[in-house]
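The values are calculated or read from the model by the stated rules, or taken from the named source; none is laboratory data. A quick note: this is a predicted structure, and the numbers were derived from the prediction, not measured. We place every Cβ from the backbone using ideal geometry, glycine too, and count neighbours over all the protein chains shown. Ligands, DNA and RNA are stripped out before the accessible areas are found, and what is left, the full protein with its side chains, is counted by its heavy atoms. Shrake-Rupley method; radii C 1.70, N 1.55, O 1.52, S 1.80 Å.
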Amino acid sequence: RLAGWIARHPVAAPALFAAIYAAATALCLPEAAVLTVAGGLLFGTWLGGVLVVLGATAGAVLLFVAARSTFAATMKARAGPRLDRLRTELHRNGFLYLLAIRLVPIFPFWLVNLAAAVAGMRLLPYAAATFLGIIPATFVYASIGAGIGDVLAAGHRPDLTVVFSPAILGPLLALAALALLPIAWQRW
């Protein structure tokens with residue numbers, strides 16, 4: 001029935017899914033991986049992945065702006081000079097740090113969103129690093145979701161632990177290391 005509704009609403013269904021994903025991200029709901037797999041299952045790897053990247057980025061930006069306007073002044077007053085050093089480093093290399101963190105899907109997405117906001121990261125580098133950094137893992141998850149229909153149709157049970165296998169996590173860790181190379185080069 002859901003597939004039929006999606007087919008009858010080719011514009012509204014993807015828009016609704018992206019909006020739901022954005023809301024889930026902005027509200028810090030922890031089931032993003034499940035939603036990403038569902039996006040692949042419902043819309044296929046490519047469209048599902050694009051919808052997730054757009055929804056997640058929009059929701060992350062909403063949360064970032066809300067957290068920065070709500071908590072940043074309080075954190076600055078409490079943290080003092082330590083936060084000033086972190087702010088300086090984030091202004092200089094925040095895009096690369098966040099990109100590396102986003103490329104490895106082991107850090108809680110909501111926590112990274114809040115930490116970047118309270119630490120004083122600028123919005124444009126934050127949004128760009130979020131957008132680019134979530135692309136690889138998103139398409140891995142969406143691809144798994146797209147394949148779940150075939151697995152279920154064959155009467156098998158899907159195994160999502162494959163996401164944490166060396167074949168998937170290894171390349172994502174390598175991408176994160178590559179993102180940190182410019183910072184290492186600059187320090188060297």
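Looking only at segment 38-57, how many residues end up being open to solvent by 50 Å² or more (accessible area, probe 1.4 Å) and farther than 18 Å from Pro158 by Cβ? Step through it out loud before you land on a result.
So in segment 38-57, the residues open to solvent by 50 Å² or more (accessible area, probe 1.4 Å) come out as 41-42, 46-47, 50, 54.
Now drop any that are not farther than 18 Å from Pro158 by Cβ, which leaves 46-47, 50, 54.
Qualifying residue count for the region: 4.
Being closer than 23 Å to Val34 by Cα, touching a Lys or Arg at 6+ places or on another chain (Cβ under 7 Å) and either at pLDDT 75 or above or open to solvent by 50 Å² or more (accessible area, probe 1.4 Å) (or both) is the requirement here; does Thr130 meet it?
Numbers: closer than 23 Å to Val34 by Cα: yes; touching a Lys or Arg at 6+ places or on another chain (Cβ under 7 Å): yes; either at pLDDT 75 or above or open to solvent by 50 Å² or more (accessible area, probe 1.4 Å) (or both): yes.
The answer is yes for Thr130.
Based on what the data block shows, is Gly40 modelled with pLDDT of 95 or more, under 24 Å from Leu63 (Cβ atoms) and in contact with a helix residue (DSSP H, G or I) (Cβ under 6 Å, 6 or more places away or on another chain)? Full working, then the answer.
On the way: modelled with pLDDT of 95 or more: no; under 24 Å from Leu63 (Cβ atoms): yes; in contact with a helix residue (DSSP H, G or I) (Cβ under 6 Å, 6 or more places away or on another chain): yes.
No, not satisfied.
Quick test of your reading of the structure: Ala137 fulfils all but one of (1) at pLDDT below 85; (2) of a type in the set (Gly, Ala, Ser); (3) touching a Pro at 6+ places or on another chain (Cβ under 7 Å). Name the failing condition by number.
Among (1) at pLDDT below 85; (2) of a type in the set (Gly, Ala, Ser); (3) touching a Pro at 6+ places or on another chain (Cβ under 7 Å), the lone unmet condition for Ala137 is (1).
For segment 1-30, give me each residue that is open to solvent by 70 Å² or more (accessible area, probe 1.4 Å), closer than 16 Å to Gly55 by Cβ and in a helix (DSSP H, G or I).
Step one: list which residues in segment 1-30 are open to solvent by 70 Å² or more (accessible area, probe 1.4 Å), which gives 1-3, 5, 7-8, 10-11, 16, 20, 27, 29-30.
Now narrow it down to the ones that are closer than 16 Å to Gly55 by Cβ: 11, 16, 20, 27, 29-30.
Those that are open to solvent by 70 Å² or more (accessible area, probe 1.4 Å), closer than 16 Å to Gly55 by Cβ and in a helix (DSSP H, G or I): Leu16, Ile20.
If you check Leu123, Leu114, Leu99, Leu90, which single one turns out to be of a type outside the set (Phe, Trp, Tyr) and open to solvent by 60 Å² or more (accessible area, probe 1.4 Å)? Walk me through how you get there before you give the answer.
Numbers: Leu114 fails: open to solvent by 60 Å² or more (accessible area, probe 1.4 Å); Leu99 fails: open to solvent by 60 Å² or more (accessible area, probe 1.4 Å); Leu90 fails: open to solvent by 60 Å² or more (accessible area, probe 1.4 Å).
Result of the check over Leu123, Leu114, Leu99, Leu90: Leu123.
Mind listing just one residue for me: the one in segment 67-101 that is modelled with pLDDT of 75 or more and among the polar types (S, T, N, Q) and, of those, nearest to Phe131 (Cα to Cα)?
Asn93
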